[in-house]
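Here's the structure, in structure tokens; my notes come after.
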Amino acid sequence: MKKTLATCLFTLLAATVPVSAVAAKVSSKWDLPDRWNVNVGAFFITNANTTLGVRAAGGPASVGVGLDFSRNLNVGDRETAGRIDGYWRFSKRSRADWTYFKYERDGRTDALDIPIDLPPEFPSFDIGDPLVTQFDTDILKLAYTFSFLNSEKIELGVGAGLHISNIELELQDVNDPANKTAVSEFTAPLPVARIILNYNISPRWRWTNSVDFFYLNIGNFEGGLTDLRSALEHHTFKNVGFGFGINRFDLDLEFESSDTDFVGSLKSGWSGFLAYVTV
């Protein structure tokens, strides 16, 4: 996690080295070309992975640890999701950014190859149980960005916001669905810092980049995330264009429930390609 974050930050900061030289050539009277921007398209997730762990508080990491959704539950690692990104620029240096998408993954295994021992309020599953899994994730990102440099060529800014993940998981024993079905919903609103770097290659071509990152270790919670997005846009028409890019996300959380004796951990990540219409 820390290595990935350092790499992302180094890449963006290194790209800003020639910024001052470019900015010196830009007129201070330059007006912003866009107040609103909305990108609507598809997110082609090609490499999703999730690992869920549950263990007794203060005990060895041996209960339910290493439940790999792809390997143990046969949950698919590829998915196509609709996605919307955008921002509203309410001054030359200030803008509000948002992103929303939802992806759904499901799977079925005819014979579970490891036991799943969950907290007492949920049923446990044994080796050999046939399971159906439904794993849905909603992602909402909200952020404020301050562009301390915004010229005809380059926009460089920093900001802060929320990365909200709503995760719904259902495990169901095919042979005994009435008594052995576990349903859980978990929402993780995590504060993030962000850096953006946008470069106008030409009047029609634009390269956009952003990285959101977070790490916290306090009380019964420890976790971090990195979310890196890079895209190339072609402004084909006056107000409409097309974009293509990549997005890489990593989440690593560990938390102890306040009303049980269990510690949960969640590691989730995905990478994929973006294709969208920008307005």
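The values are calculated or read from the model by the stated rules, or taken from the named source; none is laboratory data. Keep in mind that what you see is a predicted model, and the values were worked out from it rather than measured. All Cβ positions, glycine included, derive from the backbone under ideal geometry; neighbour counts span all protein chains shown. Areas reflect the complete protein model, heavy atoms only, side chains present, ligands, DNA and RNA absent. Shrake-Rupley method; radii C 1.70, N 1.55, O 1.52, S 1.80 Å.
P(r) tail for region 117-161: Cα pairs beyond 11 Å make up 79% of the total. Rounded to the nearest 0.05, the FRET efficiency derived from the C-beta distance between residue 134 and residue 234 at R0 = 51 Å is 0.85. Inter-label distance, residue 114 to residue 217: 2.4 nm, where each label sits 7 Å from its Cα along the C-beta direction.
Pairs of C-alpha atoms in region 76-197 farther apart than 22 Å represent 54 percent of all such pairs.
For a distance above 26 Å, tell me the whole-number percent of Cα pairs in region 138-267 that qualify. Intermediate results must be reported in sequence, preceding the final value.
On the way: 3568 of 8385 pairs.
Result: 43 percent of Cα pairs exceed 26 Å.
Ignoring ligands, DNA and RNA, what percent of the 1.4 Å accessible area of region 205-255 is carbon and sulfur? Spell out each step's value before the answer.
Details: 1650 of 2520 Å².
Carbon and sulfur together cover 65 percent of it.
Along region 137-151 the Karplus relation, 6.51 cos²θ - 1.76 cosθ + 1.60 evaluated at θ = phi - 60°, assigns HN-Hα couplings of 9, 9, 10, 10, 10, 10, 7, 9, 10, 9, 8, 6, 9, 8, 10 Hz to successive residues, with x for each Gly and Pro.
Under conditions of 25 °C and 0.890 mPa s, region 96-145 yields 178 µm² s⁻¹ as its translational diffusion coefficient, taking Rh as the Kirkwood radius over Cα pairs in the Stokes-Einstein equation.
What accessible area per residue, rounded to a whole number of Å², is obtained for region 209-279 using a probe radius of 1.4 Å? Walk me through the numbers on the way to the answer.
Numbers: 3390 Å² over 71 residues.
Value for region 209-279: 48 Å² per residue.
Under a model in which nothing but the beta-carbon of Lys, Arg (+1) and Asp, Glu (-1) is charged, region 89-137 shows a dipole of about 1020 debye around its Cα centre.
Segment residue 44..residue 142, full-extension length gain: 33.1 nm, with 0.36 nm per residue of separation and the alpha-carbon distance subtracted. Model label points for residue 168 and residue 100, set 7 angstrom from Cα along the Cα-to-Cβ axis, are 1.5 nm apart. Of the accessible area of region 70-177, computed with a 1.4 Å probe over protein heavy atoms only, carbon and sulfur atoms account for 54 percent. Here the dipole of region 73-159 is about 1080 debye; that uses its Cα centre as origin and unit charges on the Cβ of Lys and Arg (positive) and Asp and Glu (negative).
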